[in-house]
Amino acid sequence: MNKRAIFAMIISLFCVYPALSQQLSNTYLNGVYYNDQGQPELPAFLSTSDTSFLMFNMPEAFYWPTGLTKESENFYWLADYNPGQSKLRKVFYRMDDQYASVLNSYDSPLLGYAGLTYDGEDLWAVYENQYRLYRIDNLTGVTIDSFALPLPDSLNPDRHAWGIAYDGEYLWHSQYGENSIIYKLDPSNAAIVDSIIPTAAMLLGLAYENPFLYGIDIQNGLIYRFNPQTLSEVDNYDWDIGYPLGLHYDSEAGNFINVSGKTDYGGDEAVYMVGITVGIDEPYSAVPSSVELLSAYPNPFNATTSISFTLIQPSQVTLDIYDILGRRAESLVDEFLPAGNHSVLWQAGEMTSGIYFYRLTAGEYQDSRKITLLK
């Protein structure tokens, strides 16, 4: 049998699928409501003004707080924007009685802190005025190293460096101006890996909550949701709390935390942080327009990769891994899933390096893609 015939036989193995689909009515699943005709509708948005609460006022004088990130339970880091001398503070906060206390305060070489995030080991801070990204030791507050951030180009000379978020592998950096941009950066050297061009113009605060990236536009008062896998804007919602300079999502509390001044520049400088109950029900899924198997990320990969797909209606789903000879190596999913965006981690474990295929079956939909494991 020649190579072409063998390849045709392998591909044919991917074309035998059970077909199963189901419509729901008057049911709420995975953040998607199905009406009495069984058609999906977007979830209702809850007013943030009804769910906000003051977390704490800083017990010492400071300027605008611009960056917030959480290190562990009860321990946060807060950065402020002060042209004279910015500070980085480690804050103890207990939510049950809203007790807050500054544990440590560090003078910073940055005279204009902007975004702040934590990667599990170190802090990352954006210096707006110098377009630089600083990596900071979370134990001492001392700068470990710094990297140049992308400068404004001739078509967008008014862009300013601001937001920063970490997704577990890459850093995401927002720059605002007449036309905002979000850069995907390699944390080893801040090199640009990719970018997202949002419809928002004044996108400052940036936060990551798997599997989405969020950003707030201070000009139009909207919070935007982005899909980092497809580098696309998913949707947006009203955001009516204060003047949002920074954004963090606290996965333990299930709340967005808004770092904000009460008024615009030149107004009341008594800035504060407000915890925002998530404005849309878990897991923030807009209804996709089509069923689609997306590219695995990263690919090629070493040990772990993420496989994403979208469903337009609840379906019986199987997601399997096949080797180059068409033999099923592993089953990742075999269950009934609701409509929405889904992401599955494949931990290759004892698998050997080589080419594999991942195959999705969802109702009558079927597709497969190639992936490369490098160890």
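Here are the numbers for the structure shown:
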| quantity | calculated |
| --- | --- |
| Nonlocal amide H pairs with Thr230, under 5 Å, H built at 1.01 Å | none |
| Protection-proxy order for peptides 229-236, 172-179, each taking the mean of Cβ atoms within 10 Å per residue, highest first | 172-179, 229-236 |
| Karplus-derived HN-Hα couplings along the stretch 364-372 (A = 6.51, B = -1.76, C = 1.60, θ = phi - 60°), whole Hz, x at Gly and Pro | 8, 7, 8, 6, 9, 9, 8, 9, 10 |
| Distance between the stretch 62-131 and the stretch 311-330 - C-alpha centres, whole angstrom | 44 Å |
| Difference of contour (0.36 nm per residue) and Cα-Cα distance, Asn302 to Phe336 | 9.3 nm |
| Listed residues Asp145, Asp97 arranged by accessible area, highest first, probe 1.4 Å | Asp97, Asp145 |
| Potential lengthening between Ala148 and Ser195 on full extension [0.36 nm per residue; Cα-Cα distance subtracted] | 15.3 nm |
| Residues with amide H under 5 Å from that of Val291, placed H, sequence gap 5 or more | Ile312 |
| Cα convex hull volume per residue for the stretch 125-206 (Å³) | 94 Å³ |
| Sparsely packed trypsin sites (Lys or Arg not before Pro) within the stretch 287-365, loop by DSSP, other Cβ within 10 Å at most 10 | Arg327 |
| Cut-off under 5 Å, modelled amide H: who pairs with Arg132 long-range | Tyr127, Leu149 |
| Dipole moment magnitude, nearest 20 debye, the stretch 102-177 about Cα centre, only Lys, Arg, Asp, Glu C-beta charged | 220 debye |
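The values are calculated or read from the model by the stated rules, or taken from the named source; none is laboratory data. Treat the numbers as computed from the prediction; the structure is a model and nothing was measured. Here Cβ is always computed from backbone atoms with ideal geometry, including for glycine, and neighbour counts include all displayed protein chains. Only protein heavy atoms, including side chains, enter the accessible area calculation; ligands, DNA and RNA are left aside. Shrake-Rupley method; radii C 1.70, N 1.55, O 1.52, S 1.80 Å.
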